[in-house]
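Have a look at the structure below, then the notes.
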């Protein structure tokens, strides 16, 4: 497989920014969205457990319901897709066993052969050891998916804006997320920047590389 060139990677990362104003007339093509969706599916997670689900909102009426619970930020209604990153609540043995069943299906390995791996996961996560917040851990996993999603979007020339300025409990209500055993962590809007979004041309401010990269 031919790797993406260094220049392309850096150019696209420099090109991306947290888009403040989307063009409501431009929508992500289904074929492009399929790649973005797959980037979520392919995101790595601790133990490979994938303690998440991603609610994808394209319906304008539903976006309008989310808008007041998003500090009335226009990205929610103007972007093409709103992705709501959720984490599994109170992960339990059944979640571990569901994952092991999936391993067995994909790799054609008897579930019994995974007993050692199961024991390791149960010991580490279920029930959570003293001082370990399993829900906080699951939320952190969702942020890995967020980063993977935004980077993929940038490589494809698709704009994105991560949004913590939301009321998670209200998102749960509007989308019925809590009823399915998950809870909202963060959202991200994807689409295309408006031609008059002044922030598109604003220089990106980052500390110098030696100030944030420590080589030992």
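Rule-based calculations on the coordinates, nothing more; no lab input. What you are looking at is a predicted structure, and each value in this text was computed from that prediction instead of being measured. Cβ coordinates were reconstructed from backbone atoms using ideal geometry, including for glycine residues, and neighbour counts include every protein chain displayed.
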Alpha-carbon Rg with Dmax, taken over the range 174-216, Å: 18.9, 48
- prompt: Between residue 167 and residue 5, what length comes free when the chain is fully extended (0.36 nm per residue of separation minus the Cα-Cα distance, one decimal in nm)?
  reply: 54.4 nm
- request: Bin width 10 Å, alpha-carbon pairs only: give the P(r) of the range 132-182 as whole percents, running from 0 to the bin holding the largest distance.
  value: 20, 41, 33, 6
- request: Give the whole-number value, in cubic angstrom per residue, of the convex hull volume spanned by the C-alpha atoms of the range 5-97.
  value: 162 Å³
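What does the helix-only formula give at 222 nm for the chain: each DSSP H stretch with n ≥ 4 adding -39500 (n - 2.57), the total divided by the residues, and the result rounded to the nearest 500 deg cm²/dmol? Let's see the in-between values first.
Numbers: 9 runs with 93 residues, N = 216.
After summing the helix terms and dividing by residue count, I get -13000 deg cm²/dmol.
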message: Between residue 132 and residue 12, what is the label-point separation in nm under the 7 Å Cα-to-beta-carbon projection?
response: 3.5 nm
task: Would you mind listing how long the range 38-89 runs along its three principal axes, going by Cα atoms, in whole Å with the largest first?
output: 37, 23, 15
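So what's the convex hull volume per residue for the Cα atoms of the range 91-216, in Å³?
On the way: hull volume 28.5 nm³, N = 126.
Hull volume normalised by residue count: 226 Å³.
Round to the nearest 0.05 the FRET efficiency obtained for residue 180 and residue 105 when R0 = 22 Å and r is the Cβ-Cβ distance. Let's see the in-between values first.
Values: r = 22 Å, r/R0 = 1.00.
With a Förster radius of 22 Å, E is 0.50.
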- request: Could you tell me which of rounded, prolate or oblate describes the range 50-135, using a ≥ b ≥ c as the square roots of the eigenvalues of the alpha-carbon gyration tensor, with rounded for a/c under 1.5 and, failing that, prolate when a/b is larger than b/c and oblate otherwise?
  value: oblate
query: Taking Cα centroids, how far is the range 1-21 from the range 85-157 in Å?
result: 29 Å
field: Gyration tensor (Cα) of the range 79-121, equivalent ellipsoid semi-axes in angstrom
entry: 28, 15, 7
- prompt: Picking from 129, 68, 51, which is most flexible by a Gaussian network model of the chain using Cα springs under 10 Å?
  reply: 129
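Based on the Kirkwood radius over alpha-carbon pairs, what value in µm²/s does the Stokes-Einstein equation return for the translational diffusion coefficient of the range 22-178 at 37 °C and 0.692 mPa s? Walk me through the numbers on the way to the answer.
Details: Rh = 17.4 Å.
Approximately 189 µm²/s, per Stokes-Einstein.
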